[in-house]
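Rule-based calculations on the coordinates, nothing more; no lab input. Since we're looking at a predicted model, the values are computed, not measured. FYI the Cβ positions are ideal-geometry reconstructions off the backbone, even for glycines, and counts take in every protein chain you see.
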């Protein structure tokens, strides 16, 4: 494509962080510049193909970054965002928040990003919806647990179905799926039906969305944006012209 790959750091190397790192090394538009881990885990040997990747305990220890993908639990995002944005590094994060909680979160990231004059994309990932699978301990009451989950701020106001299963680990190994059906009218014509069914790895899909958001960062001014604020074409980066020829 004639352009230099974007140098990206991954902050957090849990399941999502590893999925992002794997997606980066497979995409010629990106280069994995480093991985940020907790101090007590910096010395741990990384699996292939990341053995030669620099590992640091603070994002400031990496040079010439175009973006950082923040892959930490939601309760740690603001603190990590402060460090990343203070270092004037554009960032993408994927906190699963909804409603007012998401708006408050976006406003706080926007305040930090504007202060340090860099862009940030918030909530860029994959929300698996409100089917919740639980593995019960012996003697646990499924309905009591279901009520507790439905009262959690993350799920309040949405239809949440709770399913007890024998093994969550086995369920995760099978991947995730989506069935979306939309009925209505279009251009004045009734009885229109849109049906989409997909099967995928939740973490891999979230990583793809985060990388797409990272492509769009260079075209954004300072402040925080959601994926809905980004032009669709910007998500393709250097592949935009190819995508327009292929799909339009």
> Semi-axes of segment 55-120's equivalent ellipsoid from the Cα gyration tensor, sqrt of 5 times each eigenvalue, largest first, rounded to whole Å?
Replying inline: 20, 13, 9
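When the chain is fully extended, how far beyond the present Cα-Cα distance does residue 100 get from residue 166, taking 0.36 nm per residue of separation?
20.3 nm
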> What fraction of the Cα pairs in segment 4-120, stated in percent, has a spacing above 21 angstrom?
Replying inline: 35 percent
> Once the Cβ-Cβ distance between residue 86 and residue 25 is put in as r, and R0 is 35 Å, what FRET efficiency do you end up with, to the nearest 0.05?
Replying inline: 0.80
> Percentage of Cα-Cα pair distances in the chain greater than 28 Å, rounded to whole percent?
Replying inline: 41 percent
> At a Förster distance of 41 Å, what's the computed FRET efficiency of residue 58 paired with residue 149, Cβ-Cβ distance as r, to 0.05?
Replying inline: 0.70
>> Given the DSSP H assignment, sum -39500 (n - 2.57) over each helix run of at least 4 residues in the chain and divide by its residue total; what's the result at 222 nm in deg cm²/dmol, nearest 500?
In response: -9500 deg cm²/dmol
> For residue 199 and residue 42 in one chain, what is 0.36 nm times their gap in residues minus the Cα-Cα distance, to one decimal in nm?
Replying inline: 53.1 nm
> Taking the chain as a Gaussian network, Cα atoms linked when under 10 Å apart, which of 21, 142, 68 shows the biggest mean-square fluctuation?
Replying inline: 142
>> Just to be sure I understand: with springs between alpha-carbon atoms less than 10 Å apart, which residue in 194, 57, 30 has the highest mean-square fluctuation in the Gaussian network model of the chain?
In response: 194
> Of the residues 162, 56, 77, which exhibits the maximal mean-square fluctuation in a Gaussian network model of the chain defined by a 10 Å Cα contact cut-off?
Replying inline: 162
